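Step one of this worksheet: look at the structure below.
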Amino acid sequence: MSRRLHRILGMIAFSVLLLLSITGLYLNHIDLLTPATSSTSTPFAARITSMAIHPQDPTQVYLGTRDGVFHSKDSGRTFVKISLPYPAQNVVSIFFNHGALSLFIVLENGLILNATDPPYIWQRVLAPSDANMIVAADAQNGRLRLASREAIYQLDPMTHAWEKTSFTDKKNAADLIYDLHTGQAFPYLRLINDAGAVSLIILSITGLILFFKKKKKKAKNK
Amino acid sequence: MENMTIAVRVFFLFFLILPFIRCYPLLAAETVYLTPQQALEIAFPDSTSLTPRTITLSADLKKKIERRIGVTMPEDRFTIYTSRIVTKPDGYALILDEIGKHLPITFMVAFTPQKQVKSVQVLVYRERVGSNVRQPNFLKQFISKSSQDSLSVGNDINGITGATMSSWAISAGVKKAAVIVEELDNPL
């Protein structure tokens, strides 16, 4: 009975470990493993993360996705991928600066691009050096605001300096755990996580092979 | 049992040093890999003369280049090094600063007389993370490319995991250099 229970639990643990290893590996390399959209005219194959509508012409729609920025001139019926000077992977936010007609594109890794309407000569805005991962952004009258998981940053349009307002004085343990899981806590953790995940996959599969080989041997001996 | 105690100690030590490791990427570490002279000698080993020439772009030309590369340029003055073997043109090179994540990366792009990329070399890297953009496997992807190529990560250039923005910056910088060199009437 106990041996049977051990085997059942082992099989459950095997499935969970395999699933966790594969998904962990995927999350650590989401940029590389997410298939790029095959078409430059449809944003729907990529994950849409944000949307902006032109303040003066509502037929113009912009979509930020995991694989770039798309522009529609017919209220979203058709889209064209905008050519950007940098690969716009993982767009966190796309918005018009309220009060002005400049478009902002903010990427998760802190790359910020700003331009007026076509022909889009983009200007790079430097993100604050301590903002690890941008999660949201907006702008009003030239005052760009960014939110990371730790603070809100506000760009002074006159001095071009970032003012930081931390959310809490206590470090959130969940953030550290998340960073450990996704390999962002420190350099090369991704590689360590990868090695661990690949080892777990190999161990799970070889364990399963050994388990069935043992079973076959036992059946032969009988 | 003793092994177990060692494992527990290592585990706790890891969590003790974790906050310091988290600050590691924020610390800047300027590393000079090559001087301009060394980089030029590597790019043009047979050169008999290397002449620097400072070029100031006119407002119109600057705008034209910005439109082609799709991004504004903070600088309008560049020094172009011209290499010759006796009197025969051997190529030319541009040294650029391109912002990686937060700090500029200084690198040199060398061209053949046909305006194709001959080599790319990183001279100074300032950020703690991402210095592996110096890897020959990454830099050799630019060889033989010209301003007509996309020169962007995800298209004709493969980026580097762990140096995402640095590889984007180098690619954008090479494109900028290629366009500048093409737009200048007579760079040699």
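The values are calculated or read from the model by the stated rules, or taken from the named source; none is laboratory data. Being a predicted model, the structure only gives us computed values, none of them experimental. Cβ atoms come from the backbone with ideal geometry, glycine included; neighbour counts cover every protein chain shown.
For the stretch B:115-166, enumerate the residues that are at pLDDT 90 or above and basic (Lys, Arg).
Answer for the stretch B:115-166, where residues must be at pLDDT 90 or above and basic (Lys, Arg): B:LYS115, B:LYS118, B:ARG126, B:ARG134, B:LYS140, B:LYS145.
Test A:ALA136 against the criterion of being within 24 Å of A:ALA52 (Cα to Cα), modelled with pLDDT of 75 or more and more than 14 Å from every other protein chain (Cβ to nearest Cβ), and give yes or no.
Yes: the conditions hold for A:ALA136.
Residue check: is A:GLY110 surrounded by 15 or more Cβ atoms within 10 Å (Cβ to Cβ), touching a residue at least 12 places away in the same chain (Cβ under 8 Å), within 14 Å of chain B (Cβ to nearest Cβ) and under 30 Å from A:PHE14 (Cα atoms)?
No; evaluated as a whole, the condition is false for this residue.
Each row is one residue, and each column tells you yes or no for (1) small (Gly, Ala, Ser); (2) in contact with a His (Cβ under 8 Å, 6 or more places away or on another chain); (3) farther than 30 Å from A:TYR26 by Cα; (4) in a strand (DSSP E or B).
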site: A:ALA131; (1), (2), (3), (4): yes, no, no, no
site: A:ALA137; (1), (2), (3), (4): yes, no, no, yes
site: A:ILE152; (1), (2), (3), (4): no, no, no, yes
site: A:PRO157; (1), (2), (3), (4): no, no, yes, no
site: A:THR165; (1), (2), (3), (4): no, no, yes, yes
site: A:TYR178; (1), (2), (3), (4): no, no, no, no
site: A:ILE201; (1), (2), (3), (4): no, no, no, no
site: A:ILE205; (1), (2), (3), (4): no, no, no, no
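Please pick out the residue among A:ALA195, A:ALA219, A:ALA174 that is without any contact (Cβ under 8 Å) to a residue 12 or more places away in the chain, within 30 Å of B:ALA169 (Cβ to Cβ), more than 13 Å from chain B (Cβ to nearest Cβ) and assigned to a helix (DSSP H, G or I). Talk me through it step by step, then tell me what you get.
On the way: A:ALA219 fails: within 30 Å of B:ALA169 (Cβ to Cβ); A:ALA174 fails: within 30 Å of B:ALA169 (Cβ to Cβ).
From the options A:ALA195, A:ALA219, A:ALA174, the qualifying one is A:ALA195.
Would you confirm whether any residue within the stretch B:124-131 is farther than 28 Å from B:LYS88 by Cα, of a type in the set (A, V, I, L, M) and without any contact (Cβ under 8 Å) to a residue 60 or more places away in the chain?
There is no residue in the stretch B:124-131 that is farther than 28 Å from B:LYS88 by Cα, of a type in the set (A, V, I, L, M) and without any contact (Cβ under 8 Å) to a residue 60 or more places away in the chain.
Go through the residues of the stretch B:132-151 one by one and say whether even a single one is within 14 Å of chain A (Cβ to nearest Cβ) and either part of a strand (DSSP E or B) or surrounded by fewer than 17 Cβ atoms within 10 Å (Cβ to Cβ) (or both).
yes
Mind telling me which of the residues A:GLN154, A:GLN123 ends up being within 12 Å of chain B (Cβ to nearest Cβ), in contact with a strand residue (DSSP E or B) (Cβ under 6 Å, 6 or more places away or on another chain), at negative phi and polar (S, T, N, Q)?
Just one listed residue meets the conditions, A:GLN123.
For the stretch A:97-107, give me each residue that is crowded, with 21+ Cβ neighbours inside 10 Å and within 13 Å of chain B (Cβ to nearest Cβ).
A:ILE105, A:LEU107
Going by what's in this entry, would A:ALA139 be described as loosely packed, with under 12 Cβ neighbours inside 10 Å and under 23 Å from the mean Cα position of the chain (by Cα)?
no
A:PHE212 fails exactly one of the following numbered conditions: (1) in the same structural domain as A:LEU9 (by TED's automatic domain parsing); (2) surrounded by 12 or more Cβ atoms within 10 Å (Cβ to Cβ); (3) not hydroxyl-bearing (Ser, Thr, Tyr). What is the number of that condition?
Against the list (1) in the same structural domain as A:LEU9 (by TED's automatic domain parsing); (2) surrounded by 12 or more Cβ atoms within 10 Å (Cβ to Cβ); (3) not hydroxyl-bearing (Ser, Thr, Tyr), A:PHE212 comes up short only on (2).
How many of the residues in the stretch B:152-188 are within 14 Å of another protein chain (Cβ to nearest Cβ) and not in a helix (DSSP H, G or I)?
Number satisfying all stated conditions: 12.
Name every residue in the stretch B:73-112 that is within 14 Å of another protein chain (Cβ to nearest Cβ) and not aliphatic (A, V, I, L, M), in order of residue number.
Within the stretch B:73-112, B:PRO74, B:GLU75, B:ASP97, B:GLU98, B:GLY100, B:LYS101, B:HIS102, B:PRO104 qualify.
Are any residues in the stretch A:71-96 more than 9 Å from every other protein chain (Cβ to nearest Cβ) and in a strand (DSSP E or B), and if so, which ones?
Taking the stretch A:71-96 first, the residues more than 9 Å from every other protein chain (Cβ to nearest Cβ) are A:71-82, A:88, A:90-96.
Hits for the stretch A:71-96 are A:HIS71, A:SER72, A:VAL80, A:LYS81, A:VAL91, A:VAL92, A:SER93, A:ILE94, A:PHE95, A:PHE96.
Output the residue which, of all residues in the stretch B:31-86 that are loosely packed, with under 13 Cβ neighbours inside 10 Å and acidic (Asp, Glu), is nearest to B:PHE111 (Cα to Cα).
Among them, the one singled out is B:ASP46.
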